[in-house]
Amino acid sequence: MLEIKNLHVKLEEEDKQILKGVDLTVEAGKVHAIMGPNGSGKSTLSYVLSGKDGYEVTEGSAALEGKDLLDMDVEERAAAGLFLAFQYPVEIPGVGNMTFLRTAVNAQRKARGEEEMSSAEFLKVIREKAKSLKIDAEMLKRPVNVGFSGGEKKRNEILQMAMLEPRMCILDETDSGLDVDAMKLVADGVNALRDSGRGFLVITHYQRLLDHIKPDVVHIMADGRIIKTGGPELALEVEKNGYADILAEVA
Amino acid sequence: MALPQAKLDATEARLSALALPEGGWSDPARQDALARLRAMGLPTARDEYWKYTRPDTLVTADAPAAAVLDQDDETPLFAARDRLKIVFVDGVFSAADSDDLSLEGVSVDRLAEAKDIHWAKDLYGVLEAQGQTPVARPLAALNTAFASDGVLIHVTGKVSKPINLIYRHEDSTSDAILHHVIKLDAGAEATILENGPAAARFNQCIEVDVADSATLHHIRAQGRDHERRAATHIFARLGQESTFKSFTLTVNGMLTRNEVMIDITGDDAVAHVAGACMGDGAFHHDDTIFVTHDAVNCESRQVFKKVLRNGATGVFQGKILVKPGAQKTDGYQISQALLLDGDSQFLAKPELEIYADDVACSHGSTSGAIDEEGLFYLRARGVPRGTAEDLLTIAFIAEAVQEIEDESLQEELVERVAAWLARRRS
Ligand SMILES: Nc1ncnc2c1ncn2[C@@H]1O[C@H](COP(=O)(O)OP(=O)(O)OP(=O)(O)O)[C@@H](O)[C@H]1O
Ligand SMILES: [Mg+2]
């Protein structure tokens, strides 16, 4: 599904290497988790994959279902099935949540040569999905993320994911800022999307989320590289002992 | 104080091309206005009030030519609405294109025809003259003196449909001077819609008297003709518990100066002036606003948004004056520009002058580029760059558009803006 090979990334503006050779393959139907100390490059990886400005790929490749991601525009990547749930969802004053989502859903459909969703159908689907995430009608009407609490923003990200039905979902610290109940809602939202044709890459600092979204593979990222890969037990080890042992092991 | 020779010369040069119309009851007001104009002279680039906008093409004897836009790609605004149409072509009333002027709750007369002693006598040139202090507005005095026509609207009740003043432009050298007087009796309510470029050069003055508890909604769209020029003035006087809301959309036009003077004279009144403009290339747009609070517990808002690209210029000069005793004033003023490229510029002069101690006034002015974070977010959800930019641009003007109370009018204007943006991209 997602194949990242030897990815090297530096900042465009300054001479700072952030990713120093990331190798990672997420298979369809699988959930991979990435953990790692602050500043190790997890968000950078997610931004580079989704095409954010400001980063320069100096070496390596990234492909989604065999197609070169790095060659595509941001919106093309989205239409190809890539989705990033932002660590910090952006507020967009003046653009209604509904308008935004409908524009996005239909733009993606159009780009893929599919039929656009009618307003009636869209309304029906979004109401249903919003309900299961406990997002009320008033929140749907508000401008995108404006005045949303931290947890509401994260739920809104999952709603977008549910509406867009991407092939490959990257979740960047979607659990941060969530209370216990919201965490459960979000995890249920993610689990509802799990199927054999879809891949997940879940960036998190805490085992807690992984209790709900059971990963198949866990990676540890440090200083711009994946330094260790293992099963779900690796997350438990981090939870218990922190990163010191793992860092020492590979040093 | 004697006027500088350059000003005198410019004024006389302009006057030589004009003749006072035969105005009947309005003659004394016209004579007075001419005397006022001679005393202050026409604006020149040296005037402080014209620091950001060059007045020269507005005061030349002949109007600079402006090509007529072939507007086949769009139906005229407001066309689908039930309204009373009053049409002027290059400043000349067109009876053939206008509706019958009778409508319940309102009397409408043409300035050029109302020769008898008329109710408008108490207002024509009166509010304009009052609006000449503390800052001179010579183009408005010129208008009062030389206006060739206009409408005198007396609203006595709740008018069932909007009155739509339509200004067509068909002659590339037309130079139109129109003067309207709108008087609302106590408790009366009306909506005035205006649209169209009017002329190659358009000098417009509107005097508005909103009596106690009356409400006037004013929504204006200045035409898309690229080379047209306009200098407009609104002088509004607000009575107790009255409401006046005015919104202007300006798309294209080489030069536009919209001045709005609001005098809040009755307690608990509400005055909102807002505008959005879209400019590309040879476009200069100036909003000059002066709101005077002279009563207790009144609210005023000034909300102006400018979208500029390709070297377009936006100007905002806005003032809130709170007179002694005008306690509990709630004054708000915001002017913002969205600069779609590095060539465009926004010049702003926001001012507060407050002589009462129990007031809440805020003002702000910003200019900036499109929000890159928002753009990335939209694109990351699959919205193509162009569409995403348009969404953000429309979002930018939303605060101004939302000053219009009627949501269907909001939508109609936003559609025009969206179409304009789409044309820029194709
Ligand atoms: N645009 C940027 N400008 C400057 N430094 C940057 C930029 N983007 C990333 N960095 C730096 O790159 C490093 C990796 O940042 P990144 O956000 O990817 O870390 P992270 O692993 O997601 O951390 P966290 O767990 O705190 O979210 C950090 O040192 C960060 O300061
Ligand atoms: Mg991060």
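Output the residues belonging to the range A:208-232 that are assigned to a helix (DSSP H, G or I) and open to solvent by 20 Å² or more (accessible area, probe 1.4 Å).
Here is the first cut: in the range A:208-232, the residues assigned to a helix (DSSP H, G or I) are A:208-212.
Listed by number, the residues that qualify are A:Arg208, A:Asp211, A:His212.
With the condition kept exactly as written, say whether any residue in the range B:91-112 is hydroxyl-bearing (Ser, Thr, Tyr) and not in a loop (DSSP other than H, G, I, E, B).
Scanning the range B:91-112, I find at least one residue that is hydroxyl-bearing (Ser, Thr, Tyr) and not in a loop (DSSP other than H, G, I, E, B), so the answer is yes.
Identify the single condition in (1) within 18 Å of B:Asp175 (Cβ to Cβ); (2) within 23 Å of the chain's Cα centre (by Cα); (3) in a helix (DSSP H, G or I) that B:Arg36 does not satisfy, given that it satisfies every other one.
Going through the list (1) within 18 Å of B:Asp175 (Cβ to Cβ); (2) within 23 Å of the chain's Cα centre (by Cα); (3) in a helix (DSSP H, G or I), B:Arg36 breaks only (1).
Identify the single condition in (1) within 19 Å of A:Val26 (Cβ to Cβ); (2) modelled with pLDDT of 95 or more; (3) within 14 Å of chain B (Cβ to nearest Cβ) that A:Gln87 does not satisfy, given that it satisfies every other one.
Condition (2) is where A:Gln87 drops out.
How many of the residues in the range A:136-153 are open to solvent by 10 Å² or more (accessible area, probe 1.4 Å) and within 14 Å of chain B (Cβ to nearest Cβ)?
Looking only at that region, the number is 6.
Quick one: would you say A:Asn156 is open to solvent by less than 30 Å² (accessible area, probe 1.4 Å), among the polar types (S, T, N, Q), assigned to a helix (DSSP H, G or I) and more than 9 Å from chain B (Cβ to nearest Cβ)?
Judged against the criteria, A:Asn156 is a match.
Testing A:Ser50 on (1) within 13 Å of chain B (Cβ to nearest Cβ); (2) at pLDDT 95 or above; (3) open to solvent by 20 Å² or more (accessible area, probe 1.4 Å), one condition comes back false. Which one is that?
Single failed check for A:Ser50: (3).
Consider B:Phe376 against the criteria (1) in contact (Cβ under 8 Å) with a residue 12 or more places away in the chain; (2) crowded, with 19+ Cβ neighbours inside 10 Å: it satisfies all of them except one. Which criterion is unmet?
Single failed check for B:Phe376: (1).
With respect to the numbered conditions (1) at pLDDT below 95; (2) within 25 Å of the chain's Cα centre (by Cα); (3) not aromatic (Phe, Trp, Tyr), which one is the sole condition not fulfilled by B:Glu22?
(2)
In this structure, does B:Gly374 turn out to be within 12 Å of chain A (Cβ to nearest Cβ) and in a helix (DSSP H, G or I)?
Taking the combined requirement at face value, the residue satisfies it.
Any chance you could count how many residues in the range B:354-371 are more than 11 Å from chain A (Cβ to nearest Cβ) and surrounded by 14 or more Cβ atoms within 10 Å (Cβ to Cβ)?
So the answer is 8.
So for the range A:122-134 (the condition being assigned to a loop (DSSP other than H, G, I, E, B), more than 10 Å from chain B (Cβ to nearest Cβ), free of Cβ contacts under 8 Å to residues at least 24 places away in the same chain and surrounded by 16 or more Cβ atoms within 10 Å (Cβ to Cβ)), does at least one residue qualify? Talk me through it step by step, then tell me what you get.
Initial filter on the range A:122-134 (assigned to a loop (DSSP other than H, G, I, E, B)): A:133-134.
This time we only want the ones that are more than 10 Å from chain B (Cβ to nearest Cβ), so: A:133-134.
Pick out the ones that are also free of Cβ contacts under 8 Å to residues at least 24 places away in the same chain and you get none.
No, the range A:122-134 contains no residue that is assigned to a loop (DSSP other than H, G, I, E, B), more than 10 Å from chain B (Cβ to nearest Cβ), free of Cβ contacts under 8 Å to residues at least 24 places away in the same chain and surrounded by 16 or more Cβ atoms within 10 Å (Cβ to Cβ).
Go through (1) in a helix (DSSP H, G or I); (2) open to solvent by less than 10 Å² (accessible area, probe 1.4 Å); (3) within 14 Å of chain B (Cβ to nearest Cβ); (4) more than 16 Å from ligand 1 (Cβ to nearest atom) one by one and return the number of the condition A:Met163 breaks.
(2)
Would you tally the residues in the range B:383-398 being in contact (Cβ under 8 Å) with a residue 60 or more places away in the chain and either over 18 Å from the mean Cα position of the chain (by Cα) or facing chain A (nearest Cβ under 7 Å) (or both)?
2
So which residues in the range A:42-73 are in contact with a Ser or Thr (Cβ under 8 Å, 6 or more places away or on another chain) and within 16 Å of ligand 1 (Cβ to nearest atom)? Steps first, please.
First, the residues of the range A:42-73 that are in contact with a Ser or Thr (Cβ under 8 Å, 6 or more places away or on another chain): A:55, A:68, A:70.
Across the range A:42-73, the qualifying residue is only A:Tyr55.
Would you check if there is a residue in the range A:189-203 being without any contact (Cβ under 8 Å) to a residue 24 or more places away in the chain, over 30 Å from A:Glu116 (Cβ atoms) and surrounded by 14 or more Cβ atoms within 10 Å (Cβ to Cβ)?
no
Does the range A:142-150 contain any residue that is in a helix (DSSP H, G or I) and touching a Cys at 6+ places or on another chain (Cβ under 7 Å)?
For the range A:142-150, residues in a helix (DSSP H, G or I) and touching a Cys at 6+ places or on another chain (Cβ under 7 Å): absent.
Residue by residue through the range A:53-66, note down the ones that are within 16 Å of A:Ala80 (Cβ to Cβ) and either free of Cβ contacts under 8 Å to residues at least 60 places away in the same chain or away from chain B (no Cβ under 14 Å) (or both). Working first, answer last.
From the range A:53-66, those within 16 Å of A:Ala80 (Cβ to Cβ) are A:61-66; that's our starting set.
Within the range A:53-66, A:Ser61, A:Ala62, A:Ala63, A:Glu65, A:Gly66 meet the criteria.
Do the conditions hold for A:Val105, that is, is it assigned to a helix (DSSP H, G or I) and within 16 Å of ligand 1 (Cβ to nearest atom)?
Answer is no for this residue.
Among the numbered conditions (1) more than 14 Å from chain B (Cβ to nearest Cβ); (2) within 16 Å of ligand 2 (Cβ to nearest atom); (3) buried (at least 20 other Cβ atoms within 10 Å of the Cβ), tell me where A:Asp172 comes up short.
Here A:Asp172 clears every test but (1).
Taking the stated definitions as given, is A:Met98 assigned to a loop (DSSP other than H, G, I, E, B), hydrophobic (A, V, I, L, M, F, W, C) and away from ligand 2 (no atom under 16 Å from the Cβ)?
no
Just need a number here: residues in the range A:69-87 that are of a type outside the set (S, T, N, Q), assigned to a loop (DSSP other than H, G, I, E, B) and either touching a residue at least 60 places away in the same chain (Cβ under 8 Å) or open to solvent by less than 60 Å² (accessible area, probe 1.4 Å) (or both).
6
Look at A:Ser119 and say whether it is of a type in the set (S, T, N, Q), without any contact (Cβ under 8 Å) to a residue 24 or more places away in the chain and surrounded by fewer than 18 Cβ atoms within 10 Å (Cβ to Cβ). Break it down into steps so the answer makes sense when it comes.
Numbers: of a type in the set (S, T, N, Q): yes; without any contact (Cβ under 8 Å) to a residue 24 or more places away in the chain: yes; surrounded by fewer than 18 Cβ atoms within 10 Å (Cβ to Cβ): yes.
Criteria met by A:Ser119.
So how many residues does the range B:284-299 have that are open to solvent by 10 Å² or more (accessible area, probe 1.4 Å) and either at pLDDT below 95 or in a loop (DSSP other than H, G, I, E, B) (or both)?
3
Look at A:Thr99 and say whether it is open to solvent by 70 Å² or more (accessible area, probe 1.4 Å) and either in contact with a Leu (Cβ under 6 Å, 6 or more places away or on another chain) or within 8 Å of chain B (Cβ to nearest Cβ) (or both). Write out each step before concluding.
Numbers: open to solvent by 70 Å² or more (accessible area, probe 1.4 Å): yes; either in contact with a Leu (Cβ under 6 Å, 6 or more places away or on another chain) or within 8 Å of chain B (Cβ to nearest Cβ) (or both): yes.
Taking the combined requirement at face value, the residue satisfies it.
Which of the numbered conditions does B:Val322 fail, given that it passes all the others? Conditions: (1) aliphatic (A, V, I, L, M); (2) surrounded by fewer than 24 Cβ atoms within 10 Å (Cβ to Cβ); (3) closer than 18 Å to B:Leu238 by Cβ.
Here B:Val322 clears every test but (2).
The values are calculated or read from the model by the stated rules, or taken from the named source; none is laboratory data. From a predicted model like this one, the values you see are computed outputs, not experimental measurements. Please note: Cβ atoms are built from the backbone with ideal geometry, for glycine as well, and neighbour counts cover all protein chains shown. Please note that ligands, DNA and RNA were not included when accessible areas were found on the heavy atoms of the full protein model with its side chains. Shrake-Rupley method; radii C 1.70, N 1.55, O 1.52, S 1.80 Å.
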